[in-house]
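Worksheet: one structure, shown below.
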């Protein structure tokens, strides 16, 4: 094949046909006016080489096209050169041929090339070299190879022609004495042709088999490409490319690069220049692409390494359609303006025009039975950009930049992301700047409550009844505070009644007496004997009432699932009448008849898996879902897919066939994924006392500033979580509730390290992105038990005990007052009076002492008179005791006389 910017020609000896395309890169419309099939006019022809001239210089309206080719009459082995003429509009063609010898032996290599001006064609064979004036159809020069090659053993294999010089690559004697073949590059001055200057291209240490060099062998093929003063030579056998510079009279090797790609059977069979600094190399049978068995690798001429390709063709943006069925590339050529044509092993032709900045050439799909397939420059897809003209794909946007893919104009640089907040998500290959708050992670897995420090209702009562906190709310509802307030009021009443008694306030005597009777009736401490106990009873009632209020409110706070308001009756507002325990149990353990339904509900629940592709351009029609079976077997799964272009989110929802399986999502296209959010959902159900809770859990997967890899495995492990809520009353049922808790594992998400180690070009080598979600279940379940701290009957009994405790506490307080405090007070009063009496004696005069004695005598006399009056009144009532009273009276008088005498003695003393 041969190609320039105006014309493409390929020759197929198997089909005896020339495929001709006029203006292949200027017009990509699928019409027959630019493609012609030019049949050989004889069956006795074997075409060795072809070279295009293009539009004839004397052509009007670019109608007349010319190409040249070298061929051989197979019957006589006669070599000849031909000029082919073809008309663009009609495909009418003519051929003018000239014999180049008498024949007699087969030409293994018979090459032809056309100078840059399209005026002369130069032919090279193993026996002669010629120069052809194309427009005059005249051989202007024909010389034997003896005058051209310095080595008689030189066998040419490839050539390329510039304007005034050409380079022929082949195998020749590097040492005429030893006659060992080596790869040589020979510079030919086209004005003279003779006396070529040859240079060794490689340093070979192995002996080359002459028969493989002389006769055609694909392994020994060479290729040559010229750009300006630089020459590129491909040495297929050594997987080597050689860069040579034309120094005017000789060639100088400036670079030798030997590469061996894994899985590749050929490297460097065909080479060419993509531009002044970029080289293109054909690589055969790489195992990294699904579109073809061959690839064209593009390198910077200064960096040719396994990891340094700038890009390859085809790639995930520049695919080959299914019509070609993964072909091999036989030849390719790149024109002076940078356009490329490829000839496949099936004689199909690929036309790839150079795409300017912001564009890339994409495959135009067709169902027509044609031999030429076109690519057309198209704007870069979302998440990519391109800042220079090339044959390759658009590059992905760096982190913190984006391209939504909705612009009408070319994107030469990605747009900086505007949102710089901590919730901004704008990684590699972004289309939009996403707020992470819109795609949160959430889970239904919560820590099961822990039982408080106090699980005894008596302790709870004591703790909540006898505490005073500095917190204002706690202080207001404190039972002890209100008990003290009522106790203070009772103490005030007690003191007031004592004051009334001591002051002998006759107007309050009756009220005091009635109050005492009332308080005695309320006395539960002294069993109605102490009116002061009645006052203390009010405090007991306040404390006990608070305890009843607390108990009734507390017992209602069960179960925890039905508690929605804080505990306003206690200082600790989280107080609940529940205690908890958790543990793991094996699923294989037989279940009770009461608990089996919840396991059945969990096993029957259908999972709905939602995969949200975030910051991606993948469209729904390019997404397929499947369930992987054993080995490579799988079954397709239906899915519900939605796409939001403004938010760059594609969501796929599908029912999971089983709880333990692997679901695979296949995405085909040249796009990337910034992040993934996996959501597992399932509907709830109620069956008698068993409740299956609704499942709804999401996990966000992303790697900062990177994209999700082409193959991502995400395991999700499910654990049954069963809550057992025991009944509060004996007649109630035990309640069971269950939910699946998914556990999401942290997994590697990015291929960035792989690209760093093996080459960034691999990022564009696959258009298939796979996400595998592996679902599994643990062989045990989490059992959470909730039961009340106290039940109704127990609480009633505890309240009675607490009431008795309160009464006993106040009774004990009275006992302390009676046995300890009251005697202590009397002793203090006694000491105070005694001390006061001593002070009075030391400070009084004798007159005052006598006056005091007289007063005492008068007091005793009044007392005796009063006693006599009482006795008389008693006598009137009962005369029989008169004598006794008389005797008592006598005795009293005697006693009084004795006391009087004693007083007098003391006075005198």
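Run residue 781 past the list (1) under 25 Å from residue 612 (Cβ atoms); (2) buried (at least 18 other Cβ atoms within 10 Å of the Cβ) and report the number of the one that doesn't hold. Residue 781 satisfies every listed condition except (1). Taking the conditions exactly as written (in a strand (DSSP E or B) and touching a helix residue (DSSP H, G or I) at 6+ places or on another chain (Cβ under 9 Å)), does residue 129 satisfy them or not? Yes, satisfied.
When region 373-400 is filtered for residues that are surrounded by fewer than 21 Cβ atoms within 10 Å (Cβ to Cβ) and either over 33 Å from the mean Cα position of the chain (by Cα) or at positive phi (or both), the ones remaining, listed by number, are 376, 377, 388, 389, 400. Do we find a residue being over 18 Å from the mean Cα position of the chain (by Cα) and surrounded by fewer than 20 Cβ atoms within 10 Å (Cβ to Cβ) anywhere in region 697-713? Checked against the condition, which is being over 18 Å from the mean Cα position of the chain (by Cα) and surrounded by fewer than 20 Cβ atoms within 10 Å (Cβ to Cβ), region 697-713 yields no hits at all.
Screening residue 302 on (1) closer than 18 Å to residue 392 by Cβ; (2) touching a strand residue (DSSP E or B) at 6+ places or on another chain (Cβ under 7 Å) shows it passes everything except condition (2).
Within region 56-81, the set of residues being in a loop (DSSP other than H, G, I, E, B) and either on the phi > 0 side of the Ramachandran plot or in contact (Cβ under 8 Å) with a residue 24 or more places away in the chain (or both) comprises 56, 57, 58, 61, 62, 63, 74, 75, 76, 77. Can you confirm whether region 596-603 contains a residue that is touching a strand residue (DSSP E or B) at 6+ places or on another chain (Cβ under 7 Å) and either under 30 Å from residue 382 (Cα atoms) or in a loop (DSSP other than H, G, I, E, B) (or both)? No, the conditions are met nowhere in region 596-603. Scanning region 143-164 for residues that are exposed (fewer than 15 other Cβ atoms within 10 Å of the Cβ) and in a strand (DSSP E or B) yields 143, 144.
Residue by residue through region 462-506, note down the ones that are within 60 Å of the chain's Cα centre (by Cα) and either modelled with pLDDT under 80 or outside any helix (DSSP H, G or I) (or both). Residues satisfying the conditions are 466, 467, 468, 469, 470, 471, 477, 478.
Yes or no: residue 627 touching a strand residue (DSSP E or B) at 6+ places or on another chain (Cβ under 8 Å) and either at pLDDT below 95 or not in a loop (DSSP other than H, G, I, E, B) (or both)? So that I can check it myself, show each step before the final result.
Details: touching a strand residue (DSSP E or B) at 6+ places or on another chain (Cβ under 8 Å): yes; either at pLDDT below 95 or not in a loop (DSSP other than H, G, I, E, B) (or both): yes.
Taking the combined requirement at face value, the residue satisfies it.
Among what's in region 731-774 and is free of Cβ contacts under 8 Å to residues at least 40 places away in the same chain and in a loop (DSSP other than H, G, I, E, B), pick the residue that is nearest to residue 674 (Cα to Cα). Ranking the candidates gives 748 first. Here the condition is being under 57 Å from the mean Cα position of the chain (by Cα) and surrounded by fewer than 18 Cβ atoms within 10 Å (Cβ to Cβ); of 211, 200, 215, it holds for 200 alone. Given the condition without any contact (Cβ under 8 Å) to a residue 12 or more places away in the chain, in the same structural domain as residue 634 (by TED's automatic domain parsing) and in contact with a strand residue (DSSP E or B) (Cβ under 8 Å, 6 or more places away or on another chain), answer yes or no: does some residue in region 691-700 qualify? No, region 691-700 contains no residue that is without any contact (Cβ under 8 Å) to a residue 12 or more places away in the chain, in the same structural domain as residue 634 (by TED's automatic domain parsing) and in contact with a strand residue (DSSP E or B) (Cβ under 8 Å, 6 or more places away or on another chain).
The values are calculated or read from the model by the stated rules, or taken from the named source; none is laboratory data. Nothing here was measured: the structure is a model prediction, and the numbers come from that model. Note that each Cβ is placed from the backbone with ideal geometry, even for glycine, and that neighbours are counted across all protein chains shown.
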